[in-house]
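Engineer: Take a look at this one; I'll ask things after.
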Amino acid sequence: MGGLAKTVFALFVCLLMAGGGAFAQGSTILSVFRDCDGPQPHEFNRSGLSSLDQVTIETSTPWISGRTRFEGPLLLDVLDLTGGCGEELEVIALNGFRARIPVSDIHNYKPILALKENGRFMKVRNRGPLFIVFPFDDYPSINNEIYFSRSVWQVREIHVH
Ligand SMILES: Nc1nc2c(c(=O)[nH]1)N[C@H]1C(S)=C(S)[C@@H](COP(=O)(O)O)O[C@H]1N2
Ligand SMILES: [Mo]
């Protein structure tokens, strides 16, 4: 590398280090693969998901004591299930956990892809960055193990089949 190239490279590295937080903000946290589009995923970073309409679900859950306020976009909006695109979701978490969710659930119960818990962005250590939250308190019929297993946290990929 020449002198100028070295300087430019060093500056670039410094910028990346100094702006680490901002850089991480822009990275992909969710990839959505829809059979109806072919193999290319729709990729979302946190600001992309934050720019969709934010919905609040306040509910009790088996995982956190008391009622918790979750905020994020509707799964329905993220997946954009227009034109009969999809019957079933396959959700894959950062730890490899997988769950299948019928698309009818997305319409019937309007779960969100929560970004925030009680006003704060969730970190991986507390089920973030994305947690599928169903409004359990509004629908006693889904307050059971089937829907607990569909409450995937640390979501990384969603495949729409
Ligand atoms: N990422 C991730 N989400 C997950 C799981 C998991 O292992 N990893 N377990 C699921 C299942 S099967 C249930 S019942 C609930 C509660 O799991 P827990 O009782 O182990 O906390 O979380 C669901 N979401
Ligand atoms: Mo479970």
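Engineer: Per residue, how many Å² of accessible area does region 3-160 show with a 1.4 Å probe?
Structural biologist: Numbers: 8600 Å² over 158 residues.
Per-residue accessible area for region 3-160 comes out at 54 Å².
Engineer: Still on this structure, I have one more. Show me the chymotrypsin sites (Phe, Trp or Tyr not before Pro) within region 85-121 that DSSP assigns to loop and that have at most 14 other Cβ atoms within 10 Å of their Cβ.
Structural biologist: Taking region 85-121 and a limit of 14 other Cβ atoms within 10 Å, the loop chymotrypsin sites (Phe, Trp or Tyr not before Pro) found are Phe97.
Engineer: Computing the accessible area with a 1.4 Å probe over protein heavy atoms, can you report the carbon and sulfur percentage for region 3-160?
Structural biologist: Values: 4670 of 8600 Å².
Carbon and sulfur: 54 percent of the exposed surface of region 3-160.
Engineer: Hey, got the dipole for region 3-160? About the Cα centre, +1 on K and R Cβ, -1 on D and E Cβ, debye to the nearest 20? Mind dumping the intermediate values first?
Structural biologist: Details: 15 positive and 17 negative charges, 171 e Å.
Roughly 820 debye for region 3-160.
Engineer: Quick check: residue separation of Gln40 and Ser60 times 0.36 nm, minus the Cα distance between them. What number comes out in nm? Before the final figure, lay out the partial values.
Structural biologist: Numbers: separation 20, 0.36 × 20 = 7.20 nm, distance 3.67 nm.
Length gained, Gln40 through Ser60: 3.5 nm.
Engineer: What order, most packed first, do the peptides 60-68, 30-38 have when packing is the mean number of other Cβ atoms within 10 Å of each residue? Kindly include the intermediate steps, with their values, before the conclusion.
Structural biologist: Details: 60-68: 12.4, 30-38: 14.9.
My ranking of the peptides, most packed first, is 30-38, 60-68.
Engineer: Oh, and also: Please report the accessible area of Asp53 (heavy atoms, 1.4 Å probe, ligands and nucleic acids excluded) in Å², nearest 10.
Structural biologist: Approximately 120 Å² for this residue.
Engineer: Starting from one equal scatterer on each C-alpha and no solvent at all, send me the Debye-based log10 I(q)/I(0) for region 3-160 at q = 0.18, 0.21 Å⁻¹, two decimals.
Structural biologist: Each listed q corresponds, in turn, to -1.08, -1.43.
The values are calculated or read from the model by the stated rules, or taken from the named source; none is laboratory data. Just so we're clear, the structure is a prediction, and the values are computed from it rather than from any experiment. Quick reminder, even Gly has a Cβ in these numbers, built from the backbone with ideal geometry, and neighbours come from all protein chains shown. What goes into the accessible areas is simple: the full protein's heavy atoms, side chains included, and nothing from ligands, DNA or RNA. Shrake-Rupley method; radii C 1.70, N 1.55, O 1.52, S 1.80 Å.
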